[in-house]
Structure formats: structure tokens, C-alpha cells
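Comments concern the structure below.
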Amino acid sequence: MDKRLRWFDEGAPKLRQALDRLGLDDVLPADKNFYACPCCLVAYPCEAIPAGLLTIEDVPPKSVGGRPLLLTCKRCNNTAGSVFDSHAATRADAEDFIRGRITGRPLPMTSHVDGIPLRGTARWTDNGIQFVGVPERNDPKVQAAHLEALDAHVYGRNPRLNHSFTVHTRFDEARARISWIRAAYLAAFAALGWSYIFRSVMDPYRKQLQQPDVSVVPTYILRNPNASPEERRVLLVDRPTSCLP
Ligand SMILES: [Zn+2]
């Protein structure tokens, strides 16, 4: 059975139960099943699946190691990919590079030898950082001068190597953060269900997703120096109340 249909069939009665508990049993037509996108709370009938309006969502985003977990609407899924998740992925690439992780993904960089630039890419290998120049991004004369300066060092004419490099990554820290807030929200929904996200205390999180340029959810940072960089965990905080939105 199509995973999307299975998740729809599992979610629909739970949505109905959660609405009943809130005394909202009349908000959806009784003769049909519905599944609401957990991000925007718009309810869709089963026909939304073949129509492509309800889509499989990876949590956290696939680009940072997530896996398919639930259904969200196409609009929320696509918007998150371009508005939030691309920033989280770029930040993760930058963090991997700083940590020296061998990911196989080269990052744009500019290398300087004796102040002469060469634009290209950088990535970690078993032997350290590998720089690769990209000819179409360099003036041929500047590139030749860079390689000449490098040769002068390699062949002993200039024993002192004056080398520096800059890795270029561009991401919006706030949007990368919202991507992770969104992942935590969806993971909490998958574990705890509709009743959990229908609580009014969760409203600011949905508002934050709709308003990426406004800081709705404050930042709290807890540091665990012993945690693995790959560890992903959702913490449910109920005390102190000052940590609640
Ligand atoms: Zn949605």
C-alpha cells in the first residue's frame, strides 16, 4: 500500500478524535476522512494524495540526514525546502568542514598563495584539505601566477609558504534555526499526535513558519559537550515556565 495512503488512513481517525476532545467535532464533514497538514492545519480529503497536495516529508530534512516520517501539504513542504531547509543544509556543510568531516561535498573557496588568489573548491580527504581550482572562475594570468608561486614553494625556490584560504558559504542563521525548530515540531507531532500540536502553546511555532523574517520563537541554547555532533534529540521542556513561548 502506498505509504502516503497508509499514513492518511492512520492519521484521519486520530485527527477526528483530537477534534472531538476539543468539542470541534463539527468542523469537518462527518461523511468523509480528512488529514490536516500539521504545519498549516488545513484539512485535506483522501483525494489530495493522488492530486499531489499531500506529500511525504523527511524529518529532519533529507539534506541533513532525515528520513520520511509523515505527510505535510505540498505548499508547506516546498516552502520549507526553499525558505528554511536550504539554509540548514548549507550551515551543516560549513560545520562539517570546520570539524574536518570527510563528506565528499566540496565547498566554494578562494586560495591565496603570496596574496595571489585562485578560486575553486575545497574538501576534506584522508590526506587533509584538497583544493581544486576552477579555470572558468579565474583569470588565466592570475591562475598561472598562483600556480607559479605554489611551484616556487614546492621546488624550494621559496621555502616559506605564505598560504591562506577562505571557504565561502552563505546561509541565513535565523532561517537555518527555524528549519530545526520545524523539524522538532514535526518530530513531536509524529510522536505525540494532534492533541499535542493543537495546544495553544504551539501556536507560535506555526506562526514562525508562516513569518520567516520575524523572530516569533525565542532562541534557547542548551549545550551538551559530550553529545555527538550527529545526535538529534527533541527535548520537551515544561519547567521553568519562562522557557515556554
Ligand atoms: Zn501545510
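The values are calculated or read from the model by the stated rules, or taken from the named source; none is laboratory data. The model shown is predicted, which means the values in this text are computed figures rather than measured ones. Neighbour counts run over all protein chains shown; Cβ positions are idealised from the backbone, glycine included. These accessible areas exclude ligands, DNA and RNA; they are computed on the full protein's heavy atoms, side chains included. Shrake-Rupley method; radii C 1.70, N 1.55, O 1.52, S 1.80 Å.
Numbers below:
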| quantity | calculated |
| --- | --- |
| Residue list for region 44-73, filter: small (Gly, Ala, Ser) and within 16 Å of the ligand (Cβ to nearest atom) | Ala48, Ala51, Gly52 |
| Any hit, region 90-104, residues being out of contact with any Lys or Arg (no Cβ under 6 Å at 6 or more places or on another chain), over 24 Å from Arg175 (Cα atoms) and without any contact (Cβ under 8 Å) to a residue 24 or more places away in the chain | yes |
| Identity of the residue in region 44-54, more than 19 Å from Ile197 (Cα to Cα) and not charged (D, E, K, R), that ends up most open to solvent (accessible area, probe 1.4 Å) | Pro50 |
| Residue match in region 20-43 (condition: open to solvent by less than 90 Å² (accessible area, probe 1.4 Å), of a type in the set (S, T, N, Q) and away from the ligand (no atom under 16 Å from the Cβ)) | yes |
| Answer from Ser82, Ser195 - the residue that is in contact with a Lys or Arg (Cβ under 8 Å, 6 or more places away or on another chain) and within 25 Å of Val59 (Cβ to Cβ) | Ser195 |
| First in region 197-224 and part of a loop (DSSP other than H, G, I, E, B), second anywhere and among the β-branched types (Val, Ile, Thr) and open to solvent by less than 40 Å² (accessible area, probe 1.4 Å), Cβ under 8 Å, 6 or more apart | Pro212/Val83; Pro212/Ile178; Val217/Ile178; Val217/Ile181 |
| Only listed residue being of a type in the set (Ser, Thr, Tyr) and either open to solvent by 70 Å² or more (accessible area, probe 1.4 Å) or within 15 Å of the ligand (Cβ to nearest atom) (or both), chosen from Thr110, Thr79, Thr103 | Thr79 |
| Residue satisfying condition, being buried (at least 16 other Cβ atoms within 10 Å of the Cβ) and within 19 Å of Pro68 (Cα to Cα), within set Ala187, Ala176 | Ala187 |
| Some residue of region 235-243 being surrounded by 10 or more Cβ atoms within 10 Å (Cβ to Cβ), within 25 Å of Lys14 (Cβ to Cβ) and in contact with a Lys or Arg (Cβ under 9 Å, 6 or more places away or on another chain) | no |
| Any hit, region 168-180, residues being part of a loop (DSSP other than H, G, I, E, B) and touching a Leu at 6+ places or on another chain (Cβ under 8 Å) | yes |
